[in-house]
Every structure is written in C-alpha cells, then in structure tokens.
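Engineer: This is the structure, below, for whatever I ask next.
The values are calculated or read from the model by the stated rules, or taken from the named source; none is laboratory data. Everything numeric here is computed off the predicted structure, so don't read it as measured data. A quick note on method: Cβ atoms are made from the backbone with ideal geometry, for glycine too, and the neighbour counts reach across all protein chains shown. To get the accessible areas, we keep the full protein, side chains included, count just its heavy atoms, and leave off ligands, DNA and RNA. Shrake-Rupley method; radii C 1.70, N 1.55, O 1.52, S 1.80 Å.
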Amino acid sequence: MNIQEIISQLTPIFTEVLDVENLTLTPQIQADDIEEWDSLSHIQLIVAIEKHFNLKFTSLEIQGWKNVQDICSTILNKE
Amino acid sequence: MDETISLKIIVEKIEVQNPLHAKKLKENIRTLDSNYQHWAKSFLQKTEKFLKKTNVSLDDCITFYLKKVNDSIFEMVNFFQTGKYRYNSFDEVNKRVYSDPDVMRYNMLSLLLSQVLWKQHYIIFDFFKKHISEYVESKSYLEIGGGHGLFINEAAKLFNTSCNFELLDISETSIEIAKSFIDKKNITYYHMDIFEFSSKRLFDFISMGEVLEHVEKPKDLLKKVKSLLKPEGVFFITVPTNAPDIDHIYLFNNSEEIRTLLKESGFKIDYEIEVSTEKISVDDAHKRKICVIYAAFLSF
Ligand SMILES: C[S@@+](CC[C@H](N)C(=O)[O-])C[C@H]1O[C@@H](n2cnc3c(N)ncnc32)[C@H](O)[C@@H]1O
C-alpha cells in the first residue's frame, strides 16, 4: 500500500467516526482542521483503524501522531 | 513571571508536541471561571518553586505529562476494545509502578500538572476546598495515598495549627515528592501499604483521593478506613469510573456502584459531586464508558 491508498481507506473511517460529510483527507490535515476530531473521537478513530487494518498500535507508535500523514506512516511501517 | 502567561506557556509548549491535546486543554480552560484563573495563578507559582526545588524543568514536567496523556489514550483504546482494565493484580502494579521511582516520578509530576490543566481535577479540588472549611477543628488528619500532597497541603493551610497531620503512601517516590511539595513541616510520613497500617489513635478526618480503584478489594479498603476513623469522624474520598490507567485494577462502571459500596460499608453521604471528564453529561459518560470522577464527604 502507499499513502494514497491508506488515505482512501481512512477517509470512510474518519467520516463515520467523526460524523462529518464531504471530508477530504490529506496528509497534512490535523485535529485543528476538523472540529469533530477531538481527544475523545481520537480514541474511537484508533479503535476503528486498528479494526479495519487488523493491527495493534504500540503506545510508542500512537505517541507521535500529529496529522494524517503520521497515522499513514505508522500503518505503512507495520505492513 | 506572570502566571496567567504561565498557563499559556504550558499550553503552547504542549501544542508543539501534541496539538490534539492542546485543543482539549484550551477548551477546558475557556469554560472555567475567574476563580479558576485566580487559583491557577497561585498553584503555578507554587508548582514553579516546587519544580525548582526538585530540579525538574518545566519542559521535563511537560514531557512527563504528555507521556501520561499518551498512556491514557493507549489504555482507553484497550478498554474500549475489551471492556476491562488491562491490569488486575495489585502485586504486579506495585512492582511495575509504585516501586519504580522513574515510573512513579513521571506519574506523580504529571498528575500534579493535571490538577491545573484538567477541568475535572480542578472542580474536584474546588469541591474539597469548599467543604473542608467545616472541619477545621479536627485534631487529627490522615491522608491515604497522598501522591503529590496537594490535598493535605490545602487542609494543613486551613485547619487549626494544633491538628496532627499524617500521610501514608505505598510509593517512596510519592512520599519524597509530597515532602517537597507540602509547606507544613511537622507531618508524619508512612511509607507502606494501607493494609499494613495500624494506629492506636483514631482519626477525626481521613482523606483518600483516587486510591480505591488501585486495590483488588475496595470493600476491604473501606473497612480499613472505617477502622481508623473516629465514630464522629469524616472521610473524604474521590474515585474515577471507567478510567483505564497503568495502575488501575478495580473497575467501577458508574457512580452508583461506588455509592452502593460506600453505603454497604456503613458510610453516609454528606456531600457528593460527579464530574464528567469530557464535554458530555455524567449519564452519557457512564453509558459510553467514559471517565467520571466521583467525590464525597462521608460520615457514619
Ligand atoms: C492516583 S494517586 C492519587 C494522589 C492524590 N491522592 C490525588 O487524589 O491526586 C494514588 C496514590 O496512592 C498510592 N497508593 C496506591 N495503592 C496504595 C496502597 N495500597 N496503600 C497506600 N498507598 C497506595 C500511590 O502510590 C499513589 O501515590
């Protein structure tokens, strides 16, 4: 997978968890850009991403996440 | 240094490393009133002195704090997936957390910072301050699991100087931190498990913040507290529900479970408060298994 493919799989997850429509995810998007992306929905996002990609993040992996790019890189590294 | 700026500086520093968390803190701080601003100023002044004394820089303290925030995210993910706390054995948590100075240091210093950054911790502390003034005549005060020592420090400021203060904690690191944080000099410190503690004299006032969820059998702990309290004594307790953490082993699903246990243990609730840790009501938080902090003043 490349980043674009991951982003296209993340988009419906973000749309559903954050309950927002017409979401266009880009690598640079961070919590400040989406009002609904807050500390609580962030956890739901992690839960949903782990389920979808069938993986488990370590504590260290989730620590550095600042934007969509960081999430994608972690998923790519785990492949 | 102006302390309102300090709060700003802290949030700005956090924002660099964790913008998502900074977003929440800004919201928290915005919803609190001017009393909070005033208290935060003096709290940060005190904390600054304390950090200097213990040779910890603000940056280090923030790093510790963000590690704790991350621990909490990691534990919450597991909790949402399993419905259980990851740990359930006291021995294991004692070894991995309370007995490890490095873990305990980042744990307690971040908890201290959370007192001013987390709405729920501020509101609970405010509730404590509001009612504690009724008990200033107490002659003896015991704090169980005092951690950083903020609560007993407040009581020591308000209570009659003749009151005898004792603080017990299973972690040596907590005791060391409390010793540097607390202003009052003549406090007796005990480094031990509460279940090993005995006292010839009974206490007028016992305080136990966020400890009940750290034991395997909370009912036994409440029995222990009761055995240490005078018949007319008062017991202040705080307990979080649905709060996965590196050292929480007993899960309370809602405030009612706590209330029931307190009543079954023979306590009467004089004052109580529940604070949701997110922007949702207490009922919603319970339903969605999100942390609520319960606090109460109890008597027999
Ligand atoms: C979460 S901290 C709470 C600190 C403070 N009371 C507060 O409310 O912010 C829990 C404290 O309880 C202590 N503790 C946990 N289990 C204990 C036990 N069985 N006996 C004595 N202290 C204990 C820990 O070492 C830690 O310092």
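Engineer: For the range B:3-148, what does the alpha-carbon gyration tensor say about shape, rounded, prolate or oblate, given a ≥ b ≥ c as the root eigenvalues, a/c under 1.5 as rounded, and a/b over b/c as prolate?
Structural biologist: Taking the square roots of the gyration eigenvalues as a ≥ b ≥ c, the range B:3-148 is rounded.
Engineer: Take each uninterrupted DSSP H stretch in chain B, measure its Cα extent along the helix axis, and return the ones at 24 Å or beyond whose mean Kyte-Doolittle hydropathy is at least 0.0.
Structural biologist: Once both thresholds are applied, what remains is B:58-82.
Engineer: Count, for each residue of A:38-48, the Cβ atoms from other chains sitting within 10 Å of its Cβ, then give me the mean as a whole number.
Structural biologist: 6
Engineer: Here's a follow-up. What does the structure give for B:274-283 when I average, per residue, the other chain Cβ atoms found within 10 Å of the residue Cβ?
Structural biologist: Mean inter-chain Cβ contacts per residue within 10 Å come to 1.
Engineer: Over its Cα atoms, what ratio of radius of gyration to 2.2 N^0.38 Å does the protein assembly as shown give?
Structural biologist: That works out to 1.02 for the protein assembly as shown.
Engineer: What accessible area, summed over both chains, is buried at the A-B interface (1.4 Å probe, Å², nearest 100)?
Structural biologist: Chains A and B together bury roughly 1900 Å² of accessible area.
Engineer: Using a 1.4 Å probe on protein heavy atoms, which residues of the range B:59-91 have at least 20 Å² less accessible area in the complex than alone?
Structural biologist: Listed by number, the residues meeting the 20 Å² cut-off are B:70, B:73, B:74, B:76, B:77, B:80, B:81.
Engineer: I've got another one for you. Could you give the accessible area per residue of the protein assembly as shown, probe 1.4 Å, as a whole number in Å²?
Structural biologist: 45
Engineer: Per residue of A:59-72, how many C-beta atoms from partner chains lie within 10 Å of its own C-beta, taken as a mean?
Structural biologist: 3
Engineer: Sorted by average packing, counted as other Cβ atoms within 10 angstrom per residue and highest first, what order do B:188-199, A:46-57 take?
Structural biologist: The densest-packed peptide leads the list: A:46-57, B:188-199.
Engineer: Out of residues 5 or more away from residue B:167 or on other chains, whose amide H comes under 5 Å of its own, with H placed 1.01 Å from N in the peptide plane?
Structural biologist: Result for residue B:167 returns B:143, B:188, B:189, B:190.
Engineer: Which whole-Hz couplings ³J(HN,Hα) result when phi for each residue of the range A:52-65 is put into the Karplus expression 6.51 cos²θ - 1.76 cosθ + 1.60, θ = phi - 60°, listed in order with x for Gly and Pro?
Structural biologist: With coefficients 6.51, -1.76 and 1.60, one gets 4, 8, 6, 8, 10, 7, 8, 4, 5, 5, 7, 4, x, 5 Hz.
Engineer: Which of the three applies to the range B:1-73, rounded, prolate or oblate, going by the alpha-carbon gyration tensor with a ≥ b ≥ c and a/c under 1.5 meaning rounded?
Structural biologist: Cα axes put the range B:1-73 in the oblate bin.
Engineer: Something else: With a/c under 1.5 counting as rounded, go ahead and sort the range B:234-300 into rounded, prolate or oblate using the C-alpha gyration tensor (a ≥ b ≥ c being the square roots of the eigenvalues; past the cut-off, prolate if a/b is larger than b/c, else oblate).
Structural biologist: prolate
Engineer: For the range B:7-29, which residues drop by 40 square angstrom or more in accessible area between the chain on its own and all protein chains together (1.4 Å probe)?
Structural biologist: Buried by the other chains: B:19, B:20, B:23.
Engineer: Still on this structure, I have one more. Please report the Cα spread of the range B:78-146 along all three principal axes, rounded to whole Å, starting with the longest.
Structural biologist: So the extents along the principal axes, rounded to whole Å, are 44, 27, 22.
Engineer: For all pairs of alpha-carbon atoms in chain B, what percent lies in each bin of width 10 Å, listed from the first bin to the last filled one?
Structural biologist: Whole-percent P(r) values from 0 Å outward: 6, 28, 38, 24, 4, 0.
Engineer: Would you mind telling me the share, in percent, of accessible area of the range B:8-119 contributed by carbon and sulfur at probe 1.4 angstrom?
Structural biologist: Roughly 53 percent of what the probe reaches on the range B:8-119 is carbon or sulfur.
Engineer: Where the Cα atoms of the range B:176-283 are projected onto their three principal axes, how long is each span, largest first, in whole Å?
Structural biologist: Here the spans come out as 43, 33, 26 Å, largest first.
Engineer: Sorted by mean Cβ packing within 10 Å, highest first, what order do the peptides B:154-163, A:66-75, B:38-47 take?
Structural biologist: Highest to lowest by the protection proxy: A:66-75, B:38-47, B:154-163.
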